[in-house]
1. Inside segment 171-195, can you point out the residues that are in contact (Cβ under 8 Å) with a residue 60 or more places away in the chain, away from the ligand (no atom under 13 Å from the Cβ) and under 16 Å from T79 (Cβ atoms)?
2. Taking V159 as meeting all but one of (1) more than 16 Å from the ligand (Cβ to nearest atom); (2) open to solvent by less than 10 Å² (accessible area, probe 1.4 Å), write down the number of the exception.
3. Please count how many residues of segment 170-191 are within 20 Å of E90 (Cβ to Cβ) and surrounded by 15 or more Cβ atoms within 10 Å (Cβ to Cβ).
4. Limited to segment 9-65, what total is found for residues that are surrounded by fewer than 17 Cβ atoms within 10 Å (Cβ to Cβ), free of Cβ contacts under 8 Å to residues at least 60 places away in the same chain and of a type in the set (A, V, I, L, M)?
5. Looking at E138, E142 in this structure, which one is surrounded by fewer than 17 Cβ atoms within 10 Å (Cβ to Cβ), without any contact (Cβ under 8 Å) to a residue 24 or more places away in the chain and out of contact with any helix residue (DSSP H, G or I) (no Cβ under 6 Å at 6 or more places or on another chain)?
6. Look at D81 and say whether it is open to solvent by 10 Å² or more (accessible area, probe 1.4 Å), touching a helix residue (DSSP H, G or I) at 6+ places or on another chain (Cβ under 8 Å) and among the charged types (D, E, K, R).
7. Kindly establish whether G133 is open to solvent by less than 10 Å² (accessible area, probe 1.4 Å), within 16 Å of the ligand (Cβ to nearest atom) and under 26 Å from A54 (Cα atoms).
8. For segment 169-199, which residues satisfy the criterion of being over 20 Å from V106 (Cβ atoms) and among the polar types (S, T, N, Q)?
Amino acid sequence: MFIKDTDQIYRVPQWSGLTWLTHGFGTRLADVPSLSGELATLKQIHSAECLFAAGRTGQLGQGDALLENSPGAAVAVKTADCLPILLVDEDHRAIAAVHAGWRGTVAGIVRRAADAMREGFGTEPTHLQAALGPAIGECCYEVGPEVSCHFGKQGRAHVSLARANRRQLLECGVSPDRIYEAGLCTMCMPEEFHSYRRDKESAGRLFSFIGIREG
Ligand SMILES: [Zn+2]
């Protein structure tokens, strides 16, 4: 269970003691860009492409996961129903923000991000922590056979992005007690969250961000 603060941002309680870390899953009422300082973002393409932000800010290119270990830097993903995932490696003070829609999930984006953290930062998967933010829930995410077949189902079916990504993290070696879930459905909660499926083209985007404090 995540805790919403007065900035209208959901925080992971397990990370409240990490003084070097800044993070949050913004609601539609949160002004994340002005609260978080300069962010690195991506042109998100529903891929399994991971990029190292390396202290840069602004839109860094195309892909769906941004990795960082530079003090003073922060990275973000934008979603409206897709699953935002924040990754933390306490040992190496390294982080990642991941955008996982169904295509990215099928392509293994969070697995690729964990692999890239290991290659780039020496992250040990068993020490990795992962927070799965607000996304369209199984309650509302009914999909056709062309999608459900990738989630072990047949025909029109309800699928869970959170469960599929949780499974990938476990397969990478992440410990189940280090995977935290918001358990909040963007489509069910219009006061708090944008939802592409609910609001169509008029849907805004939610900011999920993670950063490393200076010093
Ligand atoms: Zn729902």
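The values are calculated or read from the model by the stated rules, or taken from the named source; none is laboratory data. These figures come from a predicted structure and were not determined experimentally. Virtual Cβ from ideal backbone geometry, glycine too; neighbours counted across all protein chains shown. Heads up: the accessible areas ignore ligands, DNA and RNA and are worked out on the full protein's heavy atoms, side chains in. Shrake-Rupley method; radii C 1.70, N 1.55, O 1.52, S 1.80 Å.
1. Selection gives H194 alone.
2. Answer for V159: the failing condition is (1).
3. We begin by selecting, within segment 170-191, every residue within 20 Å of E90 (Cβ to Cβ); these are 170, 172-181.
Narrowing the set further to residues that are surrounded by 15 or more Cβ atoms within 10 Å (Cβ to Cβ) leaves 172, 174, 178-181.
Of the residues in that region, 6 qualify.
4. The number of residues fulfilling the criteria is 3.
5. Among E138, E142, only E142 is surrounded by fewer than 17 Cβ atoms within 10 Å (Cβ to Cβ), without any contact (Cβ under 8 Å) to a residue 24 or more places away in the chain and out of contact with any helix residue (DSSP H, G or I) (no Cβ under 6 Å at 6 or more places or on another chain).
6. For D81, the condition - open to solvent by 10 Å² or more (accessible area, probe 1.4 Å), touching a helix residue (DSSP H, G or I) at 6+ places or on another chain (Cβ under 8 Å) and among the charged types (D, E, K, R) - is met.
7. For G133, the condition - open to solvent by less than 10 Å² (accessible area, probe 1.4 Å), within 16 Å of the ligand (Cβ to nearest atom) and under 26 Å from A54 (Cα atoms) - is met.
8. Of everything in segment 169-199, those that are over 20 Å from V106 (Cβ atoms) and among the polar types (S, T, N, Q) turn out to be S175, S195.
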